[in-house]
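S.K.: So that we are looking at the same thing, I have put the structure below in structure tokens.
Just so you know, all these numbers are worked out from the coordinates, no wet-lab data involved. Computed from a predicted model, the values in this text were never measured in an experiment. Heads up, the Cβs are rebuilt from the backbone with ideal geometry, glycines too, and the neighbour counts pull from every protein chain shown.
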Amino acid sequence: MNYAWTFIWIIIAFASISFWEAYIEGRHGGAAKQVGWVWKIFGLRLTGYHIMLFGVTIPLFLLLPIIAYGYDTKLLATVACGYLIGIIIEDFLWFVVNPAYPFRQFRADKVWWYPWIKFGRWRMPLIYPVALALALIIWGMWLR
């Protein structure tokens, strides 16, 4: 089992999701114009669309290597790290590839659907450092 290729495959999948999600949402980020329910939890706006995509559909696809090769802690950790890093990649690329939402608007005063955090001069969506920290913890515990 090549764990590095599995990780890369997951990242490529998330990059492709950024394209179609950008084209679906257009200038209405955070699924602002999508139909369905919305929950507001801990400052996050969670839509039915995003719960089904990131909480059900993507995890089901990510289970395929485990189903195909059998349970392996290192494989599960690789998939989990790929998922967490993939979330960051997918979200950031949404701003890069979205023809209706210019990248220059990737800032806290324009991207209202995320809570933002400040690190010195840098501001970023809170999900970025949280997902990165979780991925590093998983990597440190099971993959190094």
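S.K.: What size of dipole, in debye to the nearest 20, comes out for the stretch 3-143 about its Cα centre when the only charges are +1 on Lys and Arg C-beta atoms and -1 on Asp and Glu C-beta atoms?
M.R.: 580
S.K.: For 101, 69, what's the fewest-to-most ordering of other Cβ within 10 Å of each Cβ?
M.R.: 69, 101
S.K.: Separate question: Of 39, 20, 122, which is the most mobile in a GNM of the chain whose springs link Cα atoms less than 10 angstrom apart?
M.R.: 122
S.K.: Let me check I've understood the local charge: for residue 81, count other residues with C-beta under 13 angstrom from its C-beta, Lys and Arg +1, Asp and Glu -1. What total comes out?
M.R.: Result for the neighbourhood of residue 81: +2.
S.K.: How far, in degrees from 0 to 90, does helix 3-25 lean away from the longest principal axis of the Cα atoms of the chain, to the nearest 10?
M.R.: Its long axis makes an angle of about 20 degrees.
S.K.: Then there is this: If each residue's Cβ is checked for other Cβ atoms within 10 Å, how do 19, 95 rank with the fewest at the top?
M.R.: In increasing order of surrounding Cβ atoms, one gets 19, 95.
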